[in-house]
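Q: One structure, as C-alpha cells, below. Some questions next.
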C-alpha cells in the first residue's frame, strides 16, 4: 500500500561525498513528520562495516558514523541488502549494530510503497 508520506533513500556507493545527503535528508524528513527509510545497496554496504563510517568526516559535518547513529536514534529504519553482502564478499563480515539485513526483494517492495524514492 502506497504511503505518500514516506521517502526511501537508496545509497549505492561507498563514495565519501555521497554519504551525507541521504542521511541529512532522512533526518530532515523525520523532523517534517514524514516516514524516511534508508537502504544500503552494492558497495554502499561497505560504509556499514564496523569502523568504516567513523573514518569519513567532511567539512564541519559530524562523521558518517555519528550521522548513522543519529539516524537510528531518531527511529529511522536503515536496511542493508543481503545480496549485496554476498556480491561484495562480505557475507561473513559483521555490520555495525542497527541496520536490518533484508533480501533484494525488500528494495522493490519499499520502492513500490514509498511516496518517493531517491538514489545516491
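Please treat every number below as a calculation from the coordinates, not as lab data. Bear in mind that the values here come from a model prediction, so they are computed numbers and not experimental data. Methodologically, a virtual Cβ is constructed for each residue, glycine included, from the backbone with ideal geometry; neighbour enumeration extends over all protein chains shown.
Q: Enter the Cα centre distance for the pair region 88-110 and region 6-80, rounded to the nearest angstrom.
A: 14 Å
Q: Hey, fewest Cβ within 10 Å first, where do 14, 33 land in order?
A: 33, 14
Q: Also, quick follow-up: Would you kindly state how much longer the chain becomes between residue 93 and residue 72 on full extension, computed as 0.36 nm times their sequence separation minus their alpha carbon distance, in nm to one decimal?
A: 5.5 nm
Q: Determine the gain in length on full extension of the stretch residue 82-residue 32; use 0.36 nm per residue of separation and subtract their C-alpha separation, reporting nm with one decimal.
A: Using 0.36 nm per residue and subtracting the Cα-Cα distance, I get 15.0 nm.
Q: Would you mind putting 47-57, 98-108 in packing order, based on average other-beta-carbon counts within 10 Å, highest first?
A: 47-57, 98-108
Q: If r is the Cβ-Cβ distance from residue 52 to residue 108 and R0 is 30 Å, what FRET efficiency results, to the nearest 0.05?
A: E(calc), rounded to 0.05, equals 0.70.
Q: Only counting other Cβ atoms within 10 Å, I'd like 31, 1 sorted with the fewest neighbours first.
A: 1, 31
Q: Could you compute Rg(Cα) / (2.2 N^0.38 Å) for region 3-119, with N its residue count?
A: So the Cα radius of gyration is 0.99 times the expected 2.2 N^0.38 Å.
Q: Can you sort 61, 120 so the residue with the fewest Cβ neighbours within 10 Å comes first?
A: Least crowded to most crowded, the residues run 61, 120.
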